[in-house]
Amino acid sequence: MAGRLLVVATPIGNLGDLSPRAREAFAGADLVACEDTRHTGRLLAHLGLRKPLVSLHEHNERQRLPRLLDELAAGATVALASDAGTPLLSDPGYLLVREAAAQGVRVEPLPGPSALLAALVASALPPYPFTFAGFAPPRQGKRRDFYRGWAALGHTLVVFESPHRLLASLADALAELGDRPAAVAREISKLHEEVVRAPLAAQLAAWRARPSIRGELVLVIGAGPRARDARAAEEPEAQAKTQAGAAPEAQTEPEPEAQPGPEPRPRAPAPSPAKPKPARRARA
């Protein structure tokens, strides 16, 4: 009988965000595949657990697949975790999930912390639809191409960024996308958590004025003016249709012409109603 692959979300900064189900998953796992064995080892130690750990990161995921798939085929329960947040989202694990599912292994997601969703809902920008694009490329040429490729996007864009590349990323986004509304979330769920909401030009100026930039960062960028104008134009039209009760006209086929038939027989005259009899007087 095939085992189970548990995709476990872990805290992005606050250990209190670890769910009871996540702890149970780690406790019941035969093996934990994780991005950094030292980091996950400390998390398990905090939970009072000791489990066999196997490193699984972007540089060795293909090499680790045969062993992990063999463990699952033998009936083992494998917990998959990244250093922080939900695995697979700019973290390793996709290849393992894909191959395990293809072999009929039960894949169970354990929902939990997610930096991109936390930043999105705190950004005050339209939360759906949205596109998550992972990390922006580190080199300027590719990063410019990256943002240029999203220029026609008509909804919210979410990007991960590192502290030492935030200024360059903001400048490239501004150059390729224009001065769109944006939010930068920093250190989500940690002591110094903050969300800065301002257009890209103001964001660039504000972050340049800081002596240093630290922490985990999520950049949320709103739609361009054309998309916003189109959406604003659609809303009154949709509202007017709703108020008027407009509905698409039903297409009906013409009724067939009546065909001549036999003449109706004359009906017998209906009998005249019987006269009511006088009621008898009750005896005293």
Filtered residues of segment 39-59 (kept if modelled with pLDDT under 95 and over 16 Å from residue 84 (Cα atoms)): 59
Number of positions in segment 104-136 that are within 21 Å of residue 26 (Cβ to Cβ) and in a loop (DSSP other than H, G, I, E, B): 5
Only one of 204, 177, 200, 116 that is within 25 Å of residue 93 (Cα to Cα) and either surrounded by 20 or more Cβ atoms within 10 Å (Cβ to Cβ) or modelled with pLDDT under 95 (or both): 116
Search result, residues across segment 151-171 that are part of a helix (DSSP H, G or I), touching a strand residue (DSSP E or B) at 6+ places or on another chain (Cβ under 8 Å) and surrounded by 16 or more Cβ atoms within 10 Å (Cβ to Cβ): 166, 169, 170
Meets criteria (part of a helix (DSSP H, G or I) and surrounded by fewer than 19 Cβ atoms within 10 Å (Cβ to Cβ)) for residue 148: yes
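The values are calculated or read from the model by the stated rules, or taken from the named source; none is laboratory data. Predicted, not measured: the structure shown is a model, and the values here were computed from it. Reconstructed Cβ throughout: ideal geometry from the backbone, glycine too, with neighbour counts over all protein chains shown.
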